[in-house]
Each structure stands twice: as structure tokens, then as C-alpha cells.
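Asks: Okay, handing you the structure first.
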Amino acid sequence: KQLQLKFACAVKTKQDVFLDVGTGFGKTLASILLQLLSDGEVITIIISPLKRLQSSQAESLQMKYGLCTIVVNEDTPSDDCFWKV
């Protein structure tokens, strides 16, 4: 999709990008592709309104692609020890 390509190109050229599109657009593909091709300097933030979806996406990205993920919501510990790890 053309918007996916624009998104990927913008991130690859180190531009900050905010992508706000609906379900089925392909946000995950664009984000994962850049993470897999990066030299470790790319941070992707995916915002999801559903806790169950947050956890399942994070787990899936870790299991399938070996990406480092974290879910941040009101259940996330706020202690310093957690954030140091």
C-alpha cells in the first residue's frame, strides 16, 4: 500500500512519524519491517486501546520476530527497578 511505503521511507530516513489509521491498514507490517531491518536504533510505539490486544501483540512480536517489546498501561509498575531493566 502506498501509505505503508511512505511510512517506511519516512522512518528509514530518520523522520519522526505518527501513523493514525484504522484496523486492517497494515501498521504492524510497516513497523515490524523497519525493526527487523534496523541497526537497533529504531523505536516503534504502537498505541492500542485494548489491554488484551496490547499483550497479545507484544507477545507475538517477541515470539515470532525476537523483538524487544513492552506494554505500558495503568497496570505497568511505576517503580524505578522495573524501568531500569
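Asks: Filter region 1-28 for residues that are open to solvent by less than 100 Å² (accessible area, probe 1.4 Å) and polar (S, T, N, Q); which is farthest from Gln57 (Cα to Cα)?
Replies: Among those that are open to solvent by less than 100 Å² (accessible area, probe 1.4 Å) and polar (S, T, N, Q), it is Thr13.
Asks: Which one is farthest from Thr23 (Cα to Cα), of the residues in region 35-66 that are open to solvent by less than 60 Å² (accessible area, probe 1.4 Å) and at pLDDT below 85?
Replies: Among residues in region 35-66 that are open to solvent by less than 60 Å² (accessible area, probe 1.4 Å) and at pLDDT below 85, the one farthest from Thr23 (Cα to Cα) is Ser38.
Asks: Please go through region 13-69 and pick out each residue that is under 23 Å from Lys1 (Cβ atoms) and of a type in the set (Lys, Arg).
Replies: Scanning region 13-69 gives Lys14, Lys27, Lys64.
The values are calculated or read from the model by the stated rules, or taken from the named source; none is laboratory data. In this text the structure is predicted, and so the values were computed from the model without any measurement. Glycine also receives a Cβ, built like all others from the backbone with ideal geometry; neighbour counts cover every protein chain displayed. Surface areas here come from the heavy atoms of the whole protein model, side chains and all, with no ligands, DNA or RNA. Shrake-Rupley method; radii C 1.70, N 1.55, O 1.52, S 1.80 Å.
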